[in-house]
Amino acid sequence: MIRRPLAAAALALCGVGAVACGGAAVSDTGASDAGASATTAQIERPAATQKHASDATGQAATGPADSEMDITTVPGTRTAALSDATAKPLAGKTVVIDPGHNGGNYRHTKEINRLVNISNQKKACDTTGTSTNDGYTEAAFTWDVSNKLAKLLKARGATVKLTRSRHTEWGPCIDQRAAIGNKANADAAISIHGDGAAAHLRGFHIIMPKKIGGPVDAVVDDSARLGKAVRDAFRRGTGLPYSNYIGRQALNYRSDLGGLNLSRVPKIFIECGNMRNPTDAAKFKDRKFRQRMAKALADGLENYLLATH
Ligand SMILES: [Zn+2]
């Protein structure tokens, strides 16, 4: 999750229990159920170093189309062009993926508690993020889904950049995460998170920027379109319900997130569910379901990127 900046004391608590970090009023109530079990967080190896059956399944989604086009008996450049478009629909598009938090943040309280300018206020460099009650951390989750998503988008022809290359270090700070999207001149940027609200709450939501008289203003409208495209695809692709505690039909608009405020490219955050809710948590911990989440995100991004505005 990606809420308010943390007081040092709260941050220390986050470091121990990986509780709901800097959450909104509702989510903060979830902090009380944080357990010491989070200190034995199960940091999974990144998807990039694993061979998953589900990954293969995800890739297969584009495979058959390629094969059909390759064996076509109709000659001609038009067919060839169609083949390329079918195989690599996102060629020429750049997507920046921000895996929320970082696995080593809890060991670097001083660094991640440093205040950075987010245009309309100052805010902590980063937070530790939350975890499931049995210790699967948000940072590990975002790292895994982000790598799965990157793989899918690259297979569709996109240029993809992640805001961090490790998942056991700290940072980068939220202002840097935005700067990476800006520097890449991304056609779309997405920051991936899991929420840490009270256990009885569940569902996913999208966070989009508001106009703040700052850098993000020019891309607020495009970000809203991106948010709706990803909302629709995530609902359809995962079957997860809209959040029953934040936003309206899973759409939420905020002006207090550095990753959004400083973005000059269309950008959204997604809270993929509530990691403190047992039903949602079971999905987060299921590798195949994470692949399903990544596929749904890829579809949403593709729908936005190929739409004519
Ligand atoms: Zn988060």
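Restricting attention to segment 174-207, and to residues there that are more than 16 Å from the ligand (Cβ to nearest atom) and under 22 Å from Asp299 (Cα atoms), which single residue is surrounded by the fewest Cβ atoms within 10 Å (Cβ to Cβ)? That would be Asn185. Across segment 156-173, not a single residue is classified as open to solvent by less than 10 Å² (accessible area, probe 1.4 Å), out of contact with any strand residue (DSSP E or B) (no Cβ under 7 Å at 6 or more places or on another chain) and either among the hydrophobic types (A, V, I, L, M, F, W, C) or free of Cβ contacts under 8 Å to residues at least 12 places away in the same chain (or both). Residues in segment 229-258 that are in a helix (DSSP H, G or I) and either among the β-branched types (Val, Ile, Thr) or over 11 Å from Ile207 (Cα atoms) (or both): Ala229, Val230, Asp232, Ala233, Phe234, Arg235, Arg236, Gly237, Thr238, Gly258.
Report yes if Asn252 is within 16 Å of the chain's Cα centre (by Cα) and open to solvent by 10 Å² or more (accessible area, probe 1.4 Å), otherwise no. Lay out the reasoning, then the answer.
On the way: within 16 Å of the chain's Cα centre (by Cα): yes; open to solvent by 10 Å² or more (accessible area, probe 1.4 Å): yes.
So Asn252 fits the description; yes.
Evaluating Leu226 against the criteria (1) crowded, with 24+ Cβ neighbours inside 10 Å; (2) in contact with a Lys or Arg (Cβ under 7 Å, 6 or more places away or on another chain) leaves one unmet condition, (2).
Looking across segment 128-148, the residues that are in a helix (DSSP H, G or I) and either within 16 Å of the ligand (Cβ to nearest atom) or touching a His at 6+ places or on another chain (Cβ under 8 Å) (or both) come down to Glu138, Ala139, Ala140, Phe141, Thr142, Trp143, Asp144, Val145, Ser146.
Sub-7 Å Cβ pairs linking a first residue in segment 219-235 that is under 24 Å from Arg292 (Cβ atoms) to a second residue that is in a helix (DSSP H, G or I) and open to solvent by 20 Å² or more (accessible area, probe 1.4 Å), at least 6 apart or interchain, are Ala229/Asn303; Ala233/Asp299; Ala233/Asn303, ordered by first then second residue. Checked against the criterion of being within 11 Å of the ligand (Cβ to nearest atom), under 30 Å from Ala155 (Cα atoms) and in contact (Cβ under 8 Å) with a residue 12 or more places away in the chain, segment 112-127 has no qualifying residue.
The values are calculated or read from the model by the stated rules, or taken from the named source; none is laboratory data. Here the structure is a predicted model, which means the values were calculated and not measured. FYI the Cβ positions are ideal-geometry reconstructions off the backbone, even for glycines, and counts take in every protein chain you see. Each accessible area value is taken on the protein alone, full model and side chains, heavy atoms only, with ligands, DNA and RNA left out. Shrake-Rupley method; radii C 1.70, N 1.55, O 1.52, S 1.80 Å.
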